[in-house]
Amino acid sequence: MPADYPRLTRSNDAHPGVGIVHLGLGAFFRAHGAIYIAEAMAASGGDWGITGVSLKRPDQRDRLAPQGCAYTALELGPDGEHPRVIEVIENVLVAPEDPAAVVAAMAAPGVRIVSLTVTEKGYCHEPATGRLMRDHPDIKADLANPESPSSAPGFIVRALAARRAAGLPPFTVMSCDNLPDNGHLLRGVVLDLAALVDPNLAAWIEKEGSFPATMVDRIVPATKDEDLDRVAELTGRRDESPVLHEPFRQWVIEDDFVDGMRPDLGAVGVELVEDVAPYEAMKLRCLNGTHSTLAYLGYLAGHETIAETVADEAFARFVTRVWDEEIIPGLTPPPGVSLTDYSRALLARYANPGIRHRTWQIAMDGSQKLPQRILTQLAEGLAAGRAMSGLTLAVAAWMRYVGGTDEKGAAIDVRDPMAERLKALSDAAPDPRGKAMALLGVAEVFPAELRDNADFRERLATAYAGLAEKGARAMVESCHA
């Protein structure tokens, strides 16, 4: 492509005041929450500009800063590609470069919300219990040097301490990650850490703070180098940090903010409700659960993307049966929602040819994702007497995947905070059954209800052996038969 496209820049010098600090300024938030907030300010005003915080690396800041923090959001629909420029981010801070600046930004009087998309592993919690992982390296560093936090919970606790010392109310802390009851989980992790720092601070946060639960939904594939060229050709501007997304979006939020302070999100389609739980369970189990299921089985079968996976009729039939026989029977639908219709709409979203959501990308961090996406509903389904053969096969596929070798003998680039331990357990076992049992014994991932369930152990061992002997596609075809 021609190399002389001018760089995308902010269209005007008008800047709202900063009302939100967002931890974890990745593609998902910029393709979802940031767009809603920009629209809410356009509809109803307010100083809700965003300071983004990169918790690990300067890459995002270095790409956005020369553009005035403007970026392109490219909608990928069946009818084509539709770009728009988003100008709601005011600046980007890099936490390791200046932790004090991040704390100061969060503690500023005008900031009323701190939101997060830090992925499951960013909460520094035990996936099986939801409690703070006290021996997590970042938590240990936070306790040793509270003036210079490393973790998202560490920054939240330090900034809330600064606000309390200044006589300011706490900010609302809003998780936008795919975790069950994410607000409650985040509240628990923050209170656990605060109690270790200062019990009086923990009591103040518990009394005055707010941690609304949320459900977020939009498929956002990773941006590749060739996507930058596509955006430049479409818009005539070179954008070093565009985001890609599907047309569908949904955001459900428990309407519980400190002093009621929030953007007018209801004006732009956000559902503000008293209880997020039914929406959250629907999305985590129907979408995230089957996304992970298709990712592991699809990857092992040689499919690069989710769209390619469900284009294979065996996988489309398989996932439909998993919804109908294993997931939906264990759910209470949100008011006015048909779970069957919801699942069929999901299948159409998965099949969108414009979305190239890689199975390898979704497969990352499985040890952190499986407990809430699959294992809880698997245990509940087994207790209710359902066979749960599809989700059992999904767990076996994850186990085969973290073993680090695909069905053709090629190495898998496993990205997981427990990758080395999981591979060592798999490698040390002599046969498929031994590998399955060794991995099932990881208490940080698997709840006791599954580890101690003799019938499940046998079904899991059989599923793993089938994957090793027959391959993923053959096992998908035979499942539910």
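A few remarks follow.
- So LEU393, is it in a helix (DSSP H, G or I), in contact (Cβ under 8 Å) with a residue 40 or more places away in the chain, open to solvent by less than 60 Å² (accessible area, probe 1.4 Å) and under 26 Å from TYR123 (Cβ atoms): no
- Looking at GLY110, GLY167, GLY154, GLY130, just one residue is within 20 Å of GLU206 (Cα to Cα), of a type in the set (Gly, Ala, Ser) and open to solvent by 40 Å² or more (accessible area, probe 1.4 Å), and that residue is GLY167.
- When the criteria are applied in full, PHE155 meets the requirement of being among the hydrophobic types (A, V, I, L, M, F, W, C), in contact with a Pro (Cβ under 6 Å, 6 or more places away or on another chain) and closer than 23 Å to ALA34 by Cβ.
- Cross-chain or 6+ apart pairs with Cβ under 9 Å, the stretch 129-150 first and on the phi > 0 side of the Ramachandran plot, then at pLDDT below 95 and not in a helix (DSSP H, G or I): GLY130/LEU179; GLY130/PRO180; GLY130/ASP181
- Test for ARG164: is it within 20 Å of ALA38 (Cα to Cα), of a type outside the set (A, V, I, L, M, F, W, C) and at pLDDT 95 or above: no
- Count of the stretch 85-132 residues which are more than 19 Å from the chain's Cα centre (by Cα) and over 29 Å from GLY45 (Cβ atoms): 7
- The set of residues from the stretch 199-239 being out of contact with any strand residue (DSSP E or B) (no Cβ under 8 Å at 6 or more places or on another chain) and of a type in the set (Asp, Glu) comprises GLU206, GLU208, ASP225, GLU226, ASP229, GLU233.
- Considering residues of the stretch 113-127 that are of a type outside the set (S, T, N, Q) and within 20 Å of LEU168 (Cα to Cα) only, the residue surrounded by the most Cβ atoms within 10 Å (Cβ to Cβ): VAL114
- Residue in the stretch 398-406 that is within 29 Å of ARG321 (Cβ to Cβ) and surrounded by fewer than 18 Cβ atoms within 10 Å (Cβ to Cβ) present: yes
- Within the stretch 365-386, the set of residues being out of contact with any Gly (no Cβ under 8 Å at 6 or more places or on another chain) and open to solvent by 50 Å² or more (accessible area, probe 1.4 Å) comprises THR376, ALA383, GLY385.
- Answer residue from the stretch 308-340, given it is among the small types (Gly, Ala, Ser) and open to solvent by less than 20 Å² (accessible area, probe 1.4 Å) and is farthest from SER292 (Cα to Cα) among those: ALA314
- Scanning the stretch 396-421 for residues that are charged (D, E, K, R) and either assigned to a loop (DSSP other than H, G, I, E, B) or modelled with pLDDT under 95 (or both) yields ASP406, GLU407, LYS408, ASP413, ARG415, ASP416.
- If only residues of the stretch 139-151 that are charged (D, E, K, R) and surrounded by fewer than 19 Cβ atoms within 10 Å (Cβ to Cβ) are counted, the one that is nearest to ASP275 (Cα to Cα) is LYS140.
- Filtering the stretch 272-285 to residues that are surrounded by fewer than 21 Cβ atoms within 10 Å (Cβ to Cβ) and either closer than 28 Å to GLY80 by Cβ or in contact with a Pro (Cβ under 6 Å, 6 or more places away or on another chain) (or both) leaves only PRO278.
So that you can scan it fast, the table gives a plain yes or no per residue for (1) assigned to a helix (DSSP H, G or I); (2) more than 20 Å from ASP217 (Cβ to Cβ):
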{"residue": "GLY266", "(1), (2)": "yes, no"}
{"residue": "ASP275", "(1), (2)": "no, no"}
{"residue": "TYR279", "(1), (2)": "yes, no"}
{"residue": "CYS286", "(1), (2)": "yes, no"}
{"residue": "THR309", "(1), (2)": "yes, no"}
{"residue": "ALA314", "(1), (2)": "yes, yes"}
{"residue": "VAL319", "(1), (2)": "yes, no"}
{"residue": "ILE328", "(1), (2)": "yes, no"}
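- Taken over the stretch 426-481, the criterion of being of a type in the set (S, T, N, Q) and free of Cβ contacts under 8 Å to residues at least 24 places away in the same chain is satisfied by THR462, SER478.
- Matching option when the condition is basic (Lys, Arg) and crowded, with 19+ Cβ neighbours inside 10 Å, among ARG262, ARG230, ARG237: ARG262
- Summed over the stretch 133-152, residues that are outside any loop (DSSP other than H, G, I, E, B) and either under 18 Å from the mean Cα position of the chain (by Cα) or closer than 27 Å to MET261 by Cβ (or both) total 1.
- Residue among LEU191, LEU196, LEU168, LEU201 that is touching a residue at least 24 places away in the same chain (Cβ under 8 Å), of a type in the set (A, V, I, L, M) and under 30 Å from ALA419 (Cα atoms): LEU196
- The one condition in (1) surrounded by 16 or more Cβ atoms within 10 Å (Cβ to Cβ); (2) assigned to a helix (DSSP H, G or I) that ALA424 fails to fulfil: (1)
The values are calculated or read from the model by the stated rules, or taken from the named source; none is laboratory data. Here the structure is a predicted model, which means the values were calculated and not measured. Positions of Cβ are backbone-derived with ideal geometry, glycine not excepted, and every protein chain shown enters the neighbour counts. The accessibility values were calculated without ligands, DNA or RNA, using every heavy atom of the protein model including side chains. Shrake-Rupley method; radii C 1.70, N 1.55, O 1.52, S 1.80 Å.
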